Amino acid sequence: MAIQVKPLHLALVAQALAVAGAVMVLVWCIHFLGGLAWDSSNKNLIFNLHPVLMLIGFIIMGGEAIMVYKALPLRKEVKKVIHLVLHAIALILGIFGICAAFKNHIESSIPNLYSLHSWLGIGIIVLYGIQWIYGLLVFFYPGGSIGLRADSLPWHVLVGLLVFSLAVANATLGFLEKLTFLENSGLGKYSAEAYLVNFTAIVTILYGAFVIFTVSSKAPPADDFSYSAI
């Protein structure tokens, strides 16, 4: 059952939330946490790349890719390419975001993969990669048979939305984990930074919700089984 609201209207709300989330995470990591760096004697600056790349690069870019089919008034073949490219960018930036966390931990002599957030993160990025490769091979090039595409489409859509939802949920866990570390190190529980982190997490959840609302809205029937939004 589709939501009886124009997808463009829902997508515009998602865009506003995406901008707000991007600004908030940048203000947090640059203003409050001191900046961003891939190489630095201050290892915290390396870690700061992680939330920025995971939110802006992985979740927001991934969400934009998901909404392409419902929100853009373009030919389906054009939307297919945009969809594929945006997901590729999201995957690459997500990998760099995870590498930043590992780099920070290794150079700071901090153990890796000790938390639920990190376990889920590895699983999500692997599923995302598998989903992208499958979509490329079956729906884009070389392309599967009509029967294979028809059978694969519902599962591809379902798994794609599941992976995106898990990414949003895991980002929330990440914000909570980092904020807990900061508060244990002396950050005030009612400080401006604490409020900013919590509101950034809320905006991230709302963005994920409106992405799903957008792809659940009513759209013209697909012309074939070549591809669909995930």
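The values are calculated or read from the model by the stated rules, or taken from the named source; none is laboratory data. Not measured: the values here are computed from a predicted model. Quick reminder, even Gly has a Cβ in these numbers, built from the backbone with ideal geometry, and neighbours come from all protein chains shown. Ligands, DNA and RNA are stripped out before the accessible areas are found, and what is left, the full protein with its side chains, is counted by its heavy atoms. Shrake-Rupley method; radii C 1.70, N 1.55, O 1.52, S 1.80 Å.
Which of the residues spanning the range 18-55 are in contact (Cβ under 8 Å) with a residue 40 or more places away in the chain, β-branched (Val, Ile, Thr) and over 18 Å from VAL168 (Cβ atoms)?
Those that are in contact (Cβ under 8 Å) with a residue 40 or more places away in the chain, β-branched (Val, Ile, Thr) and over 18 Å from VAL168 (Cβ atoms): VAL27, ILE46.
For ALA71, which of the numbered conditions (1) open to solvent by 30 Å² or more (accessible area, probe 1.4 Å); (2) at pLDDT below 95 fails to hold?
It fails just one condition, (1).
Tell me yes or no: at least one residue of the range 5-17 is open to solvent by 50 Å² or more (accessible area, probe 1.4 Å), in contact with a Ser or Thr (Cβ under 9 Å, 6 or more places away or on another chain) and not in a helix (DSSP H, G or I). Working first, answer last.
Of all residues in the range 5-17, those open to solvent by 50 Å² or more (accessible area, probe 1.4 Å) come to 5-6, 8-9, 12-13, 15-16.
Pick out the ones that are also in contact with a Ser or Thr (Cβ under 9 Å, 6 or more places away or on another chain) and you get 5-6, 8-9, 13.
Now narrow it down to the ones that are not in a helix (DSSP H, G or I): 5-6.
Scanning the range 5-17, I find at least one residue that is open to solvent by 50 Å² or more (accessible area, probe 1.4 Å), in contact with a Ser or Thr (Cβ under 9 Å, 6 or more places away or on another chain) and not in a helix (DSSP H, G or I), so the answer is yes.
Across the range 133-147, what is the number of residues that are free of Cβ contacts under 8 Å to residues at least 24 places away in the same chain and either of a type outside the set (Gly, Ala, Ser) or open to solvent by less than 30 Å² (accessible area, probe 1.4 Å) (or both)?
Residues in the range 133-147 being free of Cβ contacts under 8 Å to residues at least 24 places away in the same chain and either of a type outside the set (Gly, Ala, Ser) or open to solvent by less than 30 Å² (accessible area, probe 1.4 Å) (or both): 7 in total.
Which one of these is acidic (Asp, Glu), in contact (Cβ under 8 Å) with a residue 12 or more places away in the chain and over 21 Å from TYR207 (Cα atoms): GLU107, GLU64?
Numbers: GLU64 fails: over 21 Å from TYR207 (Cα atoms).
It is GLU107.
Looking at the range 160-172, is at least one residue more than 14 Å from the chain's Cα centre (by Cα) and either at pLDDT below 95 or open to solvent by 50 Å² or more (accessible area, probe 1.4 Å) (or both)?
From the range 160-172, those more than 14 Å from the chain's Cα centre (by Cα) are none; that's our starting set.
There is no residue in the range 160-172 that is more than 14 Å from the chain's Cα centre (by Cα) and either at pLDDT below 95 or open to solvent by 50 Å² or more (accessible area, probe 1.4 Å) (or both).
For the range 191-214, state whether one or more residues are at pLDDT 95 or above, open to solvent by 70 Å² or more (accessible area, probe 1.4 Å) and outside any helix (DSSP H, G or I).
So far as the range 191-214 goes, no, none of its residues is at pLDDT 95 or above, open to solvent by 70 Å² or more (accessible area, probe 1.4 Å) and outside any helix (DSSP H, G or I).
Please find, among ILE98, ILE89, ILE122, the residue that is β-branched (Val, Ile, Thr), closer than 25 Å to LEU206 by Cα and open to solvent by less than 50 Å² (accessible area, probe 1.4 Å).
On the way: ILE89 fails: open to solvent by less than 50 Å² (accessible area, probe 1.4 Å); ILE122 fails: open to solvent by less than 50 Å² (accessible area, probe 1.4 Å).
Unique residue meeting the criteria: ILE98.
Just to be sure, is VAL168 without any contact (Cβ under 8 Å) to a residue 60 or more places away in the chain and either closer than 23 Å to MET67 by Cβ or in a helix (DSSP H, G or I) (or both)? Please lay out each step first, then the result.
Details: without any contact (Cβ under 8 Å) to a residue 60 or more places away in the chain: no; either closer than 23 Å to MET67 by Cβ or in a helix (DSSP H, G or I) (or both): yes.
No, not satisfied.
Tell me the helices (runs of 4 or more DSSP H) entirely within the range 36-107 that contain at least 3 residues that are out of contact with any Leu (no Cβ under 9 Å at 6 or more places or on another chain) and within 21 Å of GLY160 (Cα to Cα).
Details: elements: 43-47, 49-52, 61-71, 76-107.
Passing ranges, in order: 76-107.
Under 8 Å by Cβ, and 6 or more places apart or on different chains, what pairs join a residue from the range 176-202 that is over 16 Å from MET24 (Cβ atoms) with one that is part of a helix (DSSP H, G or I)?
GLU177/HIS117; GLU183/ALA194; LEU187/LEU179; LEU187/GLU193; LEU187/ALA194; GLY188/ALA194; LYS189/GLU183
Given the conditions (1) among the polar types (S, T, N, Q); (2) within 27 Å of ALA37 (Cβ to Cβ); (3) open to solvent by 60 Å² or more (accessible area, probe 1.4 Å), report the number of the one that ASN48 does not fulfil.
The one condition ASN48 does not meet is (3).
Please find, among ALA100, ALA37, ALA71, the residue that is farther than 22 Å from LEU120 by Cβ, under 20 Å from the mean Cα position of the chain (by Cα) and small (Gly, Ala, Ser).
Working: ALA100 fails: farther than 22 Å from LEU120 by Cβ; ALA37 fails: under 20 Å from the mean Cα position of the chain (by Cα).
Answer to the selection: ALA71.
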